[in-house]
1. Quick one: how many residues across segment A:139-177 are in contact with a Leu (Cβ under 8 Å, 6 or more places away or on another chain) and small (Gly, Ala, Ser)?
2. Please count how many residues of segment A:204-249 are under 11 Å from A:Gly24 (Cα atoms), more than 14 Å from chain B (Cβ to nearest Cβ) and modelled with pLDDT of 90 or more.
3. Being out of contact with any helix residue (DSSP H, G or I) (no Cβ under 9 Å at 6 or more places or on another chain) and among the charged types (D, E, K, R) narrows it down to one residue among B:Glu370, B:Glu353; which is it?
4. Just to be sure, is B:Phe194 part of a helix (DSSP H, G or I) and not assigned by TED's automatic domain parsing to the domain that holds B:Val104?
5. Of all helices (runs of 4 or more DSSP H) completely enclosed by segment B:276-338, which ones contain at least 3 residues that are at pLDDT 95 or above and on the phi < 0 side of the Ramachandran plot?
6. Can you pull out the strands (runs of 3 or more DSSP E) entirely within segment B:361-403 that have at least 2 residues that are buried (at least 16 other Cβ atoms within 10 Å of the Cβ) and of a type in the set (S, T, N, Q)?
7. Checking the structure you have, find out if any residue of segment A:137-155 is in a helix (DSSP H, G or I), buried (at least 16 other Cβ atoms within 10 Å of the Cβ), modelled with pLDDT of 85 or more and within 7 Å of chain B (Cβ to nearest Cβ).
Amino acid sequence: MDTYVLQIFNGLSVSSIFMLAALGLAITFGLMKVINMAHGEFIMIGAYATYLIQNLFSKYLPADWFDFYFIFAVPAAFLLAGIMGYILEYMVIRHLYGRALDSILATWGVSLVLQQLARSVFGAPNVDVRAPNILSGGLLFAGMNFPYKRLFIIALVIACFVGVYVLLYKSSYGRKIRAVMQNRAMAASLGINTRRIDAYTFAFGSGLAGIAGAALSLLGSIGPTLGTNYIVDTFMVVVLGGVGTLLGTIAGGFIIGMGNTTFEFLTDASLGRVIVFTLVILFLQWRPRGLFSMKSRALDED
Amino acid sequence: MNMKYKRMMKLKKSAALALSALFVASSLLTGCGSTQSAKGNSGESGGDTIKVGVLHSMSGTMAISEVSVKDAELMAIDEINAKGGVLGKKIEPVVEDGASDPAVFAEKAKKLLQQDKVATVFGCWTSASRKAVLPVFESLKGLLWYPVQYEGMEASPNICYTGAAPNQQIVPAVEWLLKNKGKKIFLIGSDYVFPRTANKIIKAELQAEGGELVGEEYTPMGHTDYSTIINKIKEAKPDVVFNTLNGDSNVAFFKQLKDSGISSKDLTTCSVSVAEEEVRGIGADNMAGHLVSWNYYQTTNTPENVEFVKNYKAKYGADRVTDDPIEAGYNAVYLWAAAVEKAGSTDVEKVREAMKGLTFKAPEGTVKIEGENQHLWKPVRIGEVQPDGSIKEIWSTSEAIRPDPFLKTYSWAEGLSN
C-alpha cells in the first residue's frame, strides 16, 4: 500500500517538475509561437544562478543566514534568465518571428553557445548546490517519507501558475500580451507597442525557465548540459496540452509526469518512456491540437 | 510593394547577420580546444619532436569526466619533456575533441593517424567511443591507450587498456559485498553497453556464489528522476545496491536517495563509475558512507602518489582532485614512453613487442603490462566516501591482480565472452 501511495506522490512530483519546466515554454512557444530550442539553456542559467547565490551566501554572510539563500535564489534565477532572454530576443528572435524553421536553427545554435559559455565560466565538471537545511529530510506521515524538497517544488509550481494566471488574465499588461499574440496588426493599430510586448513576454518566459532551473538544482546536478535533458519533455508537455493555454500545460505536465512514473514502475525507465512517447504520438494523431486548443478568430490560424 | 520588399530585404539581411554572428561565435567557442598544435614535423622519428594524439571529449555530456584525464595526460607529457623527452626528442601533443559523440571520435582518430601521423593516441572514456575507434586503430595499425575501467570481453592488439578489467574491479567487489554485506543484490545502471555487460557478469557470479538478485533496473543516459526506482528498491529490500550508473544520473540518484530518508547506514551501495571527481559533483554529504570500487584513490598511500597529487594540484589548482581514470591516463603516457625507449623506435609493432611485461611505479603501486592481452596488473581497492569528499580505502588485495578481460579463470563465466 505504502508503495502505491508513494508512487502516486512521485508521479505528482515529476508532473510538477514538468509543469514548471514547460511553463516558460507555454509562453514563448505557446503564445509567441517561437520554437526556442535554447529553452533548456535558460533552465541551466537559472540553476547556475542558484549556485552563484549559494556561493555568495556561504562566503560573505554569517552561517545561520545560509538557510534563507533559496528565497533569494528563485528571484535571482528569474532575473538572470529573464535578462538573458531579453538579450536573445533583441539579438536573434525578433528577426525571426513567423519563420519557424529559421528560429529552430538559430536557437539551437544559441543553445550550443550558451552551453559552451557555461563550460568556460564554470568549468566542465558539474557543480553542487547544497539545499538549505530546512528543506533536507522529509515529512513523515503514516510511516511514509515525503521529501520536503519535492513538497516545496509542488508549492513553487502552484505559486508560479497562480502568478502567471494573474498576470495574463487579470492585469492590463496581460490583456495586451494576449491581444498582440492573437492579432498583432489589430493590437498595433490600437496603439499597443508590439515590439516592447514581444521583448518583455519573451524575457518573462525565459525567466520562468530560470525558476525551473532553481528548483531542479534541489534534485539533480548542475552542469552545462542540464537543459538538454528537459527540452524534449517540455515541448511534449506544451504540444500535448494544447498550444497557447495554461490549463493545457497543467494537464500535459500531469499526464506525462504520471505516465512516465507509472509505466516506469510497471516496466522500466527506458520502456516507460517509449510507451509514453507512443501514446502521445497516437493521441496527437487523433487530436493534433492537443487536449485544450485555443479558439481564435485571427485569419492567420492554420 | 517596393517598401515592403525593402523591409523584407532588411529583415533578411539582419537575420543573416545575426545567424552568421552566431556561427562565428559558436565555432570560436567550440573550436578553441580542437587543434592546439599545428607546427612540428611528422610524428615519425624524422623530426625533432614526436607527435602523440590526445583524444577526449572537451564538450558534451562526457566533458565532466574526460577533461581532467586529458589534463593528467598533458601533465605526464610535460614531465617527460622536462626530463629530456623520449629518444632525445620532445613529445608534442595534438589535442582533439571527441565531443562525447562516438562518430566524432572515429573521425578524429582517423585524422590523428592519417593527417598528423601521430606515434600513438591517448584517449576515449565510454565503451561506445572505444568501440567506435577500434576499427580505425586496427585498420590503420595505430596504438590507443585507453584509461578507463570497462566491461571486458575485448583485447585488441591495437589498444592497451590501463584501466581495470572486470576481474580487477567488479568481480572482486561483488565477492567482497556477498561476504561482508549480504546476499540480496539490486542492480541499477545506465542503459548502454558497459552496465548491461557488467551486470551479465555479476548475475553469473551471483548464481555461482549464492547471491540473490532482487531487482535490475536500467535508465536512459541523462535520466534525472529516480523516485520511482528508489521506491522499487524500498519494496525489494536489498542488502546491497550495485550501481553502474554513469555521468550526471549519479547526482540525481544519490541526492534523491538521501531525500527519501535512506542513508548509507540503512542501505549499502557500491558504485564502479563514481570516483573523487564525480563525488565533487554529487556533493560529499550526499554520498558519505557509500562504497566504491577502484584501483586507485587520491588517498592511496605511496610515495609516487604523494608526488603525483602534489604536482597535479600545483599545475591545475588546489581545488582539483585526482582519481582512478586520471591516474590511469597519467600512467599510460609513462608506459608508452618507457616502451618507446626500450624499443628504440616509435614504430607501433616494435613498441607493442617492447611493452610486454613492462613495469611502472605508478601512484597506485607497481603496475605491469600483461603481454597476452595488453591490460595492466593492478591492485583492487574498495573504498568508502568520507564526508569531506575523499575516499578511504577499507579493503584491498595485497598485491596486483592479473588482468583477465574474458574471465577465463572463472568457471561460472563460461559462455559470457561470446
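The values are calculated or read from the model by the stated rules, or taken from the named source; none is laboratory data. Given the structure is predicted, the values throughout are model-derived calculations rather than measurements. When we count neighbours, we look across all protein chains shown, and the Cβ atoms used for this are built from the backbone with ideal geometry, even at glycine.
1. Result for segment A:139-177: 1.
2. 11
3. Just a single option satisfies the conditions, and that option is B:Glu370.
4. Answer is yes for this residue.
5. Here the list reads B:303-316.
6. Because the criterion is at least 2 residues that are buried (at least 16 other Cβ atoms within 10 Å of the Cβ) and of a type in the set (S, T, N, Q), no strands (runs of 3 or more DSSP E) in segment B:361-403 meet it.
7. Scanning segment A:137-155, I find at least one residue that is in a helix (DSSP H, G or I), buried (at least 16 other Cβ atoms within 10 Å of the Cβ), modelled with pLDDT of 85 or more and within 7 Å of chain B (Cβ to nearest Cβ), so the answer is yes.
Here is a yes/no grid of residues against (1) in a loop (DSSP other than H, G, I, E, B); (2) under 17 Å from B:Ala128 (Cβ atoms); (3) in contact with a Pro (Cβ under 8 Å, 6 or more places away or on another chain); (4) not basic (Lys, Arg):
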residue	(1), (2), (3), (4)
B:Glu217	no, no, no, yes
B:Gly222	yes, yes, no, yes
B:Lys234	no, no, no, no
B:Ala252	no, no, no, yes
